[in-house]
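One structure below.
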Amino acid sequence: MPSVCFYFEVHQPYRLKPYGALQVGRDHDYFDDKLNAEVLRKVADKCYLPANESMLRLIERTDGRFRISYAVTGVAIEQMKKYAPEVLDSFIRLAKSGAVEFVAETYYHSLAALYDKAEYKEQIDMELDLIKREFGQTPRVFRNTELIYNDEIGQFIADLGFDAMICEGADDILDWRSPNFVYHVAGREMRLLAKNYKLSDDIAFRFSNRGWAEYPLTADKFAGWVHGHSGAGDVINLFMDYETFGEHQWRETGIFEFLEHLPELLFNHPDWDILTPSQAIDRYPALGELPFHRTVSWADEARDISAWRGNAMQQRALAEIYSLGPAIRRRNNSNLLALWRRLQTSDHFYYMATKSASDAEVHDYFSPYEGPYDAFIHYMNVMKDLNLSVFAPAEKRAGL
Amino acid sequence: MRILMLGWEYPPHISGGLGTACEGLTIALARRGVEIDFLVPKLYGEEDAPHMHLLGAASAAPSQVEPVQHVQSELPLVEAIAEPVSSEPTFATDPVPTSEVAAAGQREEADVPAEIRMVHVPAMLKPYLDRATYQELIRGGSLPRAEYERRVATQAVPAIPVPPSAITRLEHAHVPGDDAVFAEEAQAFEGAGHYGDDLFAEVARYAVAAARRVAGKKYDLVHAHDWMTFPAGIEIAQRAGAPLVVHVHSLEYDRAGQGADRDIVAIERQGLEYATRVVAVSYYTRSLINRVHSTSLDKISVVHNGVYAHETVEAYSEQRSSTGPVVLFLGRVTFQKGPEYFVQAAARVLEHVPDAVFIMAGSGDMLPRMEALVEELGITESFRFPGWLRGAEIERAFSTASVYVMPSVSEPFGIAPLEAMSHDRPVIVSKQSGVSEILRNALKVDFWDVDKMASQIVALLELPELRHTIVERAREEIRHIHWDAAAEKLVPVYESIIQA
């Protein structure tokens with residue numbers, strides 16, 4: 001009996017305000033509270049609230065046979081509490097439905113996995129505590145920031161005791177394999193669920209694209225494609241940004257109607273059901289090892305990490321923030337630690353990407369700035385102020 | 001498709017960007033099979049345009065107007081004259097050296113198409129030379145002293161003693177049907193001696209001459225570049241029953257702001273109203289045309305300028321002299337170019353990068369004020385005012401600068417940032433410029449936002465990763481800003497007009 005597995009990313013960064021060189025040494029408020037509040041409220045109205053409502057209705061209507069999973073980042077939850085607490089309430093209602101699984105990730109949606117493993121573990125632990133506290137669940141499944149994955153990361157997560165991890169089903173990694181089976185990490189028992197990027201992106205990216213041969217995509221057509229895999233797979237992993245519903249694909253595109261009808265149409269085929277990631281790994285055996293010969297993510301055409309560290313500016317900014325780690329930790333100052341961690345959120349580096357063509361459009365769409373250069377300038381000015389205001393006085397005090 | 005283009009100058013005898021733009025555009029159009037007759041007031045014989053027919057307007061007016069000698073300037077110009085440093089720009093009325101005329105004559109016989117006739121029409125007006133800038137050039141020392149004296153007497157006098165009303169002016173500019181009558185008028189008009197060499201008279205004279213020169217020829221459309229050629233364009237289009245395209249490279253408003261010459265504005269408007277289609281060099285200019293002249297946006301197509309695809313100049317290594325990093329302003333020091341915002345930003349930058357050096361290269365009516373402002377702000381030590389740069393000096397300025405800034409208050413397009421980019425320099429351009437619309441790999445700022453401008457300068461000086469990323473990507477980017485792209489947009493505009 002094959003299954004469909006839904007996973008949605010819910011994340012909001014703390015965006016920096018335009019921070020010019022002249023502010024360095026004078027202004028120690030780095031974040032654009034007004035913009036962050038606006039974005040969160042806008043996304044709440046367009047996506048979180050209506051989508052959660054739809055999900056809850058579908059779960060009730062199908063007696064819990066419609067199941068979904070989320071990773072909600074710590075920084076998103078913090079901002080929900082501040083700017084739109086009703087959103088968090090509706091996620092809590094979903095958690096109580098019994099048909100929703102919360103997947104772990106890093107609290108700060110950071111790139112710590114690539115730079116600082118001790119820090120990485122702390123951010124994972126923070127997120128686990130948060131999910132326990134807010135949703136009453138202890139995640140068994142982990143997803144790394146933007147599905148960034150390589151064997152080393154997989155082994156590290158396996159050693160933390162997770163049962164499964166979510167990853168991108170990139171062609172060159174899967175090679176002859178199908179994404180529609182469960183695999184395990186190279187050298188570990190921990191399971192891997194690989195995103196079926198074709199079917200996922202049909203919804204997430206192509207749904208409203210009038211230039212697409214399959215436009216318009218109806219729930220009926222999509223269910224037909226899924227059913228076409230009968231006998232050729234165990235689990236079809238549909239992983240996407242939650243903002244697909246109502247934000248990237250506006251309500252006017254018919255995305256909510258699509259969502260409304262999809263579960264029933266999937267259930268029309270008696271063999272098919274819908275599972276959460278934990279249920280999927282419990283039911284289906286791992287077909288074999290899935291080794292990764294490179295670091296993969298779900299971003300951009302390249303499906304690698306060039307979205308965050310593809311140019312010299314990004315590399316400099318990342319080197320800068322992670323080099324502060326030891327000094328920051330020595331301080332043992334929780335406010336400073338939180339500030340440093342908010343500055344690690346991957347979005348800051350994503351805005352600095354200098355990609356061309358379709359990738360650039362996506363980066364521009366998300367960026368609150370006028371372009372990658374401004375993003376880098378603001379970030380580096382903040383770094384300078386952080387260095388000056390935090391470290392210089394202390395060193396003076398210490399007589400250095 | 002056979003078109004008539006009306007221009008005011010053509011390389012190598014150019015004073016501004018218009019001639020260069022016309023050359024680039026016509027080459028690319030010709031490559032797309034457009035047959036072009038290109039008419040300028042005067043040909044020197046050195047022009048090289050195998051891609052089209054280059055025509056000089058025949059004169060409808062007396063061939064040479066004697067300089068008026070009796071008026072002596074009331075302006076204290078003499079003190080302001082620097083040592084004459086160059087005879088550039090060459091003015092059309094400069095006496096052409098005999099040897100040059102002879103050489104040109106030979107060339108004409110040798111390999112210039114029969115259409116090209118050497119006709120010497122006094123045409124002093126240069127594309128971006130309104131009365132004010134003309135005086136600036138003189139004061140800036142760009143004219144040889146002898147030429148300067150002559151010119152002060154004839155043209156740099158405080159404009160026109162008794163300016164005729166715009167209406168009268170335009171009646172002259174807008175050549176009536178009967179040539180003979182007009183020729184008389186034109187002569188009377190010049191004979192009066194009040195403004196015999198006035199730029200409006202030149203515009204009118206060009207209109208008459210141009211109309212005569214192409215009388216009887218058939219064109220699918222007439223394309224006129226900037227206001228000086230609009231009256232000629234209207235006249236010819238009317239006579240030939242062909243549609244008129246007017247191309248706006250610059251508005252009087254760009255050059256003079258609120259001090260715009262109302263007569264020039266009136267001629268611009270007449271051209272814009274008469275034209276079937278208006279072409280603007282940027283969206284910025286398109287919206288300015290709409291605001292200043294109420295021309296409907298639907299009537300205005302945007303065709304961005306290109307640049308010649310030339311290899312990027314081998315940049316001097318980033319070695320700097322004993323001084324600190326150099327921040328460059330290069331252009332006329334006039335209101336339009338925003339020099340004071342550059343100075344204000346410099347003062348802020350120096351608080352963060354004390355060894356930075358700021359070069360304001362160029363001259364203009366605001367130069368004394370800028371020098372005073374620099375002194376007032378106490379940053380004289382960090383400023384250089386080298387005056388007008390030419391040729392190799394410009395190359396050198398670009399090559400030794402760490403950052404090029406174009407803080408223009410109003411810039412229809414702005415080619416200089418592209419030159420800086422071709423020298424591998426990172427650039428900051430004001431958002432009030434046409435070129436900012438097409439550049440991705442430049443930093444952009446509102447001209448008035450001196451804090452942000454300063455922040456961008458500091459960042460470029462302090463962050464090598466920023467500089468390198470911008471320069472590397474800009475190098476690739478400017479390869480795509482070429483005239484073929486402009487022609488590709490223009491040809492369909494032509495087609496739609498001809499079909500309509």
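Please treat every number below as a calculation from the coordinates, not as lab data. Everything numeric in this text was worked out from a predicted model, so none of it was measured. Please note: Cβ atoms are built from the backbone with ideal geometry, for glycine as well, and neighbour counts cover all protein chains shown.
When residues of segment A:223-264 are filtered for being assigned to a helix (DSSP H, G or I) and closer than 16 Å to A:Ile68 by Cβ, how many remain?
Going through segment A:223-264 one residue at a time, the tally reaches 13.
Of the residues that sit in segment B:409-425 and are touching an Asp or Glu at 6+ places or on another chain (Cβ under 9 Å) and small (Gly, Ala, Ser), which one is farthest from B:Val327 (Cα to Cα)?
B:Ser410
State yes or no: is A:Ile305 closer than 23 Å to A:Asp125 by Cβ and either out of contact with any Asp or Glu (no Cβ under 6 Å at 6 or more places or on another chain) or among the hydroxyl-bearing types (Ser, Thr, Tyr) (or both)?
No; evaluated as a whole, the condition is false for this residue.
Looking at A:Arg177, A:Arg210, A:Arg206 in this structure, which one is charged (D, E, K, R), assigned to a loop (DSSP other than H, G, I, E, B) and under 23 Å from A:Leu266 (Cβ atoms)?
A:Arg206
For segment A:288-308, check the following and say yes or no: at least one residue is over 23 Å from the mean Cα position of the chain (by Cα) and more than 14 Å from chain B (Cβ to nearest Cβ).
Yes.
From the list A:Glu60, A:Glu38, which residue is out of contact with any Ser or Thr (no Cβ under 7 Å at 6 or more places or on another chain), exposed (fewer than 15 other Cβ atoms within 10 Å of the Cβ) and touching a residue at least 24 places away in the same chain (Cβ under 8 Å)?
A:Glu60
Failed condition for B:Val307, given (1) out of contact with any Pro (no Cβ under 6 Å at 6 or more places or on another chain); (2) closer than 27 Å to B:Gln499 by Cβ; (3) in contact (Cβ under 8 Å) with a residue 60 or more places away in the chain, with all others met?
It fails just one condition, (2).
What's the total number of residues in segment A:312-325 that are surrounded by fewer than 23 Cβ atoms within 10 Å (Cβ to Cβ), among the polar types (S, T, N, Q) and either touching a strand residue (DSSP E or B) at 6+ places or on another chain (Cβ under 9 Å) or within 14 Å of chain B (Cβ to nearest Cβ) (or both)?
Step one: filter segment A:312-325 for residues surrounded by fewer than 23 Cβ atoms within 10 Å (Cβ to Cβ), giving A:312, A:315-316, A:318-320, A:322-325.
Still in the running and among the polar types (S, T, N, Q): A:315, A:323.
This time we only want the ones that are either touching a strand residue (DSSP E or B) at 6+ places or on another chain (Cβ under 9 Å) or within 14 Å of chain B (Cβ to nearest Cβ) (or both), so: A:315.
Residues in segment A:312-325 being surrounded by fewer than 23 Cβ atoms within 10 Å (Cβ to Cβ), among the polar types (S, T, N, Q) and either touching a strand residue (DSSP E or B) at 6+ places or on another chain (Cβ under 9 Å) or within 14 Å of chain B (Cβ to nearest Cβ) (or both): 1 in total.
Restricted to segment A:20-34, and to residues that are part of a helix (DSSP H, G or I) and more than 9 Å from chain B (Cβ to nearest Cβ), which residue is surrounded by the most Cβ atoms within 10 Å (Cβ to Cβ)?
If we filter segment A:20-34 for residues that are part of a helix (DSSP H, G or I), which is where we start, we get A:21-23, A:33-34.
Keeping just the survivors that are more than 9 Å from chain B (Cβ to nearest Cβ) gives A:33-34.
On the way: A:Asp33: 14, A:Lys34: 9.
Filtering segment A:20-34 for residues that are part of a helix (DSSP H, G or I) and more than 9 Å from chain B (Cβ to nearest Cβ), the one surrounded by the most Cβ atoms within 10 Å (Cβ to Cβ) comes out as A:Asp33.
Restricting the search to segment A:55-69, which residues are among the β-branched types (Val, Ile, Thr) and part of a helix (DSSP H, G or I)?
Within segment A:55-69, A:Ile59 is the sole residue that qualifies.
Can B:Ser433 be described as crowded, with 20+ Cβ neighbours inside 10 Å and under 27 Å from B:Gly259 (Cα atoms)?
Judged against the criteria, B:Ser433 is a match.
Taking segment B:425-479 only, how many residues are among the charged types (D, E, K, R), more than 10 Å from chain A (Cβ to nearest Cβ) and part of a strand (DSSP E or B)?
Residues meeting the conditions: 0.
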